[in-house]
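Trainee: I am attaching a structure below and will ask some questions about it afterwards.
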Amino acid sequence: MGKLIIVSNRLPVTVSKKKSKFSFQPSVGGLVTGVGSLEMSKEQIWIGWPGITLSGYSTKSDTRELNDILAEQNYHPVFLKRNDFENYYQGFCNEIIWPLFHYFAQYANYEKSYWDSYKRVNEAFSQAVLEVAGDDDVIWIHDYHLMLLPGLIRKKMPKVKIGFFLHIPFPSSEIFRLIPWCAEILDGLLGSDLIGFHTFDYARHFLESARRVLGYEHTLGQITLGNHVVKVDTFPMGIDYEKFSKAPENKDVRSSISKLREGIKEDYKVILSIDRLDYTKGIPERLKAFDDFLDRNPKYKGRVIFIVVAVPSRTEMEHYRLLKEQVDNLAGRINGKHGTIGWVPIWYMYRSFDFKDLTALYCIADVLFLTPLRDGMNLVAKEYVATRNNEDGVLILGEMAGTAKELGEALIINPNDLQGTSNALKKAITMPINEQKRRMRSMQGRLERYDVKRWAHDFMDRIYHIKEVQKQLISKGLSQSRRNKLLESFKRSKKALFLLDYDGTLMPFNERPEKVKPDRELKDLLGSLSRHSDNQVVIISGRDRKTLDRWVSNVSNGLVAEHGVWIKEKKFWKMIEMLSDEWKDEIKPILEVFVDRTPGSFIEEKDFSLVWHFRKVDPALSIVRVGELKDVLLHITANLNVGVLEGNKVIEVKDTGINKGKAAMYWMSKARWDFILSIGDDWTDEDIYEVLPEWAYSIKVGFGPTKARFNLPSYREVRELLKDLITKKSKV
């Protein structure tokens, strides 16, 4: 059993230094509770910033002393320079990631120095992890401060288990791509084995960004990158349900409730909102809705109070200072407009509350009123529901909060709809108690079942599960022992046949197929293999014969074009069987219509096939167009002797009687081969694997279901294998 290493921006304790002495303030939160619930048979280490920068230390001995103190609690501090911390945290995290991920693009400040510090801090965290981590450990990284960290660790520790959880929203790809360094951020995150989000929408946005920015496709949330598989999944974070549900029974909480009720008349309806003072929380919109409610429902004046708690946040930043002025002014204006002697409609408190006072507020509130403009989850809503042990109370919740996806029994509103929100306030205040209880019971049951402990266990279980999936997918990998056996088999051979695909196998893909000309390394490799009299090197490709002639005819001694239509032996091309291309007159106009409707697509015409390419098409649009085109083509070709096949970013229409398998059989019939190696990367190569003798070596480039015996991650590893074969034969 390895260790569990938790990595977050801050340790669960904040360190400060006064008069040469360290003081420690423990943090209490959902993450600490969830992690604490995991099996204690596994050693746990928490890595994070201790809350004090390097300039806060007078000597190196202070650093050693603090390290020793924190190590007693299995905390491993990451010490940061003041300038790096400010640029990384105040700069990159709070002036780029926070506003963009919450759809406030107008607040983003793309300062290059912020990015440089963000990279340095993530590298510092990486070094801290590497100091304590082993291959058997699980590393669980948290939140947007450390999005480069998974990739940095993966480069040094390819076998370790890495999970990443994002606690804020992940934006749509259009927003995410505004970040100049978005590709590097995605690369960092994709170093994980498991990436978790609160909601399906956030996971979907991430997958779409990975596809649009990096070109990575996924299958059911699973992205395959060479020999590494990444799972993207949804884990809605819960709360410590038991702690909040039992809070009303606590003596200190009951005392706090009594004090609060002393200033509130018995017949008052209490509306409560609690947030950090942040522009994402929609506090001004909430105040305006309450103002509108009083305007349109004057009979409730003197009968409701609205307790607005705004917890100070990022007070040094201009947007937050301006927001505080706006909220102060709105609260004052509304009180001045509607208040009377003896009744103040808004109780506005700019401060934080401890647990007993917070839960006391939940207990006295008839309505919890939350209207975030964008929120990753919003655990306040869940905490309120958990404390309502009388099963009454109404939750009004903005639809942009992640919690809204779980708590559908709440009154879900659009925070920008002033009148709709105002109407929801009236509905909440007048809701019959039976309906309140029905809604509250449903929400409580759900939150009790999926609490923060279940959330943490769920995430850990999925990390182990995806590791098992990875093992299964790479079980056909060309291990060293398998590689040695292949090389020895080739060394002993007298007649060797190579059946090699081109695109994706010997060369990488390109948006423009005509740009994938063989480089010098490939030409040298193929030339060395084909010059040996015992070897028959056949390039068996979907390319047209003219292209293959220009590119590889002088470095191979056999060619197959258009997936088996044409075969070149010695100097002449011939067809395996006679074909007709009359069907092209009917099919080509259809493909041309789809080219016109799909920017970035184009048609490639071969002698006996038509190919619609969509590698440069917007991924979201390509999904729609591929489905439409396949439906049209399958209907039209039903009575023709042609088939519709989907390949790597292509739709190909060709004669159904032609495939690479037939071409492979032609070459296999030419001699008594005692070594056969076939390498390809997509569905067209499966026909070859199917006709090969059992003893032949077949390799699929990439991972996934295949009839091939083995896998290699990419064309680079194919070239390395060919180099080893050449070296092995030269030593005979």
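The values are calculated or read from the model by the stated rules, or taken from the named source; none is laboratory data. A quick note: this is a predicted structure, and the numbers were derived from the prediction, not measured. With ideal geometry, Cβ positions are generated from the backbone for all residues, glycine too; neighbour counts draw on all protein chains shown.
Trainee: Any residue at all in the stretch 698-717 that's of a type in the set (D, E) and outside any helix (DSSP H, G or I)?
Mentor: no
Trainee: Condition first: free of Cβ contacts under 8 Å to residues at least 60 places away in the same chain and buried (at least 21 other Cβ atoms within 10 Å of the Cβ). Now tell me which residues in the stretch 231-259 satisfy that.
Mentor: Passing the criteria: only V232.
Trainee: Going by what's in this entry, would L548 be described as surrounded by 14 or more Cβ atoms within 10 Å (Cβ to Cβ), among the hydrophobic types (A, V, I, L, M, F, W, C), out of contact with any helix residue (DSSP H, G or I) (no Cβ under 7 Å at 6 or more places or on another chain) and assigned to a loop (DSSP other than H, G, I, E, B)?
Mentor: Spelling it out, it is not the case that L548 is surrounded by 14 or more Cβ atoms within 10 Å (Cβ to Cβ), among the hydrophobic types (A, V, I, L, M, F, W, C), out of contact with any helix residue (DSSP H, G or I) (no Cβ under 7 Å at 6 or more places or on another chain) and assigned to a loop (DSSP other than H, G, I, E, B).
Trainee: With (1) buried (at least 20 other Cβ atoms within 10 Å of the Cβ); (2) of a type in the set (A, V, I, L, M); (3) not in a strand (DSSP E or B) as the list, and A310 as the residue in question, which single condition is left unmet?
Mentor: (3)
Trainee: Quick one: what pairs do we get from the stretch 641-656, first residue more than 11 Å from L629 (Cβ to Cβ) and touching a residue at least 40 places away in the same chain (Cβ under 8 Å), second polar (S, T, N, Q) and not in a strand (DSSP E or B), C-beta under 9 Å, 6+ apart or different chains?
Mentor: N641/S580; N641/T656; V642/T656; G647/T684; K649/S622; E652/T684; D655/S580; D655/N641
Residues checked against (1) polar (S, T, N, Q); (2) within 23 Å of the chain's Cα centre (by Cα):
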| site | (1), (2) |
| --- | --- |
| N87 | yes, no |
| F92 | no, yes |
| Q106 | yes, no |
| K112 | no, no |
| Y118 | no, yes |
| V121 | no, yes |
| D137 | no, yes |
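Trainee: Taking the residues in the stretch 158-191 that are in a loop (DSSP other than H, G, I, E, B) and touching a Leu at 6+ places or on another chain (Cβ under 9 Å) as candidates, determine which candidate is farthest from K467 (Cα to Cα).
Mentor: Let us first name the residues in the stretch 158-191 that are in a loop (DSSP other than H, G, I, E, B), namely 158-160, 166-172, 177-181, 190-191.
Still in the list and also touching a Leu at 6+ places or on another chain (Cβ under 9 Å): 166-167, 171, 178-179, 190-191.
Working: L166: 20, H167: 23, P171: 28, L178: 33, I179: 31, L190: 14, G191: 13 Å.
Among residues in the stretch 158-191 that are in a loop (DSSP other than H, G, I, E, B) and touching a Leu at 6+ places or on another chain (Cβ under 9 Å), the one farthest from K467 (Cα to Cα) is L178.
Trainee: Sort through L418, L397, L407, L447 and tell me the only one that's in contact with a Phe, Trp or Tyr (Cβ under 7 Å, 6 or more places away or on another chain) and of a type outside the set (S, T, Y).
Mentor: Just a single option satisfies the conditions, and that option is L447.
Trainee: Specify the residue that is modelled with the highest pLDDT; the eligible residues are those in the stretch 191-221 that are among the hydrophobic types (A, V, I, L, M, F, W, C) and touching a Gly at 6+ places or on another chain (Cβ under 7 Å).
Mentor: Looking at residues that are among the hydrophobic types (A, V, I, L, M, F, W, C) and touching a Gly at 6+ places or on another chain (Cβ under 7 Å), I get L194.
Trainee: Name the one entry in L277, L272, L294, L225 that is surrounded by 16 or more Cβ atoms within 10 Å (Cβ to Cβ) and over 43 Å from the mean Cα position of the chain (by Cα).
Mentor: Numbers: L277 fails: over 43 Å from the mean Cα position of the chain (by Cα); L272 fails: over 43 Å from the mean Cα position of the chain (by Cα); L225 fails: over 43 Å from the mean Cα position of the chain (by Cα).
The conditions single out L294.
Trainee: Specify the residue that is nearest to the chain's Cα centre (by Cα); the eligible residues are those in the stretch 387-408 that are surrounded by 18 or more Cβ atoms within 10 Å (Cβ to Cβ) and within 20 Å of V270 (Cα to Cα).
Mentor: Restricting to residues being surrounded by 18 or more Cβ atoms within 10 Å (Cβ to Cβ) and within 20 Å of V270 (Cα to Cα), the top hit is G398.
Trainee: Also: Which of the residues belonging to the stretch 486-509 are surrounded by fewer than 13 Cβ atoms within 10 Å (Cβ to Cβ) and either within 30 Å of K161 (Cα to Cα) or touching a strand residue (DSSP E or B) at 6+ places or on another chain (Cβ under 9 Å) (or both)?
Mentor: Within the stretch 486-509, R492, K494, P508 meet the criteria.
Trainee: When only residues in the stretch 557-579 that are in a loop (DSSP other than H, G, I, E, B) and touching a residue at least 40 places away in the same chain (Cβ under 8 Å) count, which is surrounded by the most Cβ atoms within 10 Å (Cβ to Cβ)? Show your work before the answer.
Mentor: Within the stretch 557-579, the subset in a loop (DSSP other than H, G, I, E, B) is 557-558, 565, 570-571, 576-579.
Pick out the ones that are also touching a residue at least 40 places away in the same chain (Cβ under 8 Å) and you get 558, 565, 576-577, 579.
Details: G558: 23, V565: 26, I576: 16, E577: 10, L579: 20.
Among those residues, the one meeting the criterion is V565.
Trainee: With respect to I651, determine if the residue is modelled with pLDDT of 90 or more, more than 23 Å from R492 (Cβ to Cβ) and not in a helix (DSSP H, G or I).
Mentor: yes
Trainee: May I pose another question? Could you tell me which of the residues V308, V304, V253 is in contact with a Pro (Cβ under 9 Å, 6 or more places away or on another chain) and not aromatic (F, W, Y)?
Mentor: Exactly one of V308, V304, V253 is in contact with a Pro (Cβ under 9 Å, 6 or more places away or on another chain) and not aromatic (F, W, Y), namely V304.
Trainee: Which of the residues spanning the stretch 431-458 are among the hydrophobic types (A, V, I, L, M, F, W, C) and either assigned to a loop (DSSP other than H, G, I, E, B) or within 13 Å of K382 (Cβ to Cβ) (or both)?
Mentor: M431, M440, M443, L447, V452, W455
Trainee: Only one of these conditions is not met by M665: (1) at pLDDT below 90; (2) under 30 Å from L722 (Cα atoms); (3) aliphatic (A, V, I, L, M). Which number is it?
Mentor: (1)
Trainee: Output the residue which, of all residues in the stretch 574-590 that are hydrophobic (A, V, I, L, M, F, W, C) and more than 43 Å from the chain's Cα centre (by Cα), is nearest to F602 (Cα to Cα).
Mentor: Among those that are hydrophobic (A, V, I, L, M, F, W, C) and more than 43 Å from the chain's Cα centre (by Cα), it is W583.
Trainee: Can you tell which of L692, L633, L645, L621 is at pLDDT 95 or above and not basic (K, R)?
Mentor: L692
Trainee: I need the full set of residues from the stretch 340-365 which are in a loop (DSSP other than H, G, I, E, B), farther than 21 Å from K324 by Cβ and modelled with pLDDT of 95 or more, in order please.
Mentor: Across the stretch 340-365, the qualifying residue is only A365.
Trainee: Exactly one condition in (1) assigned to a loop (DSSP other than H, G, I, E, B); (2) at pLDDT 95 or above is not met by L499; state its number.
Mentor: Checking L499 against (1) assigned to a loop (DSSP other than H, G, I, E, B); (2) at pLDDT 95 or above, the one that fails is (1).
Trainee: Checking the conditions here, which among K356, K301 is surrounded by fewer than 19 Cβ atoms within 10 Å (Cβ to Cβ) and under 19 Å from Y384 (Cα atoms)?
Mentor: Details: K301 fails: under 19 Å from Y384 (Cα atoms).
One residue alone meets the criteria, K356.
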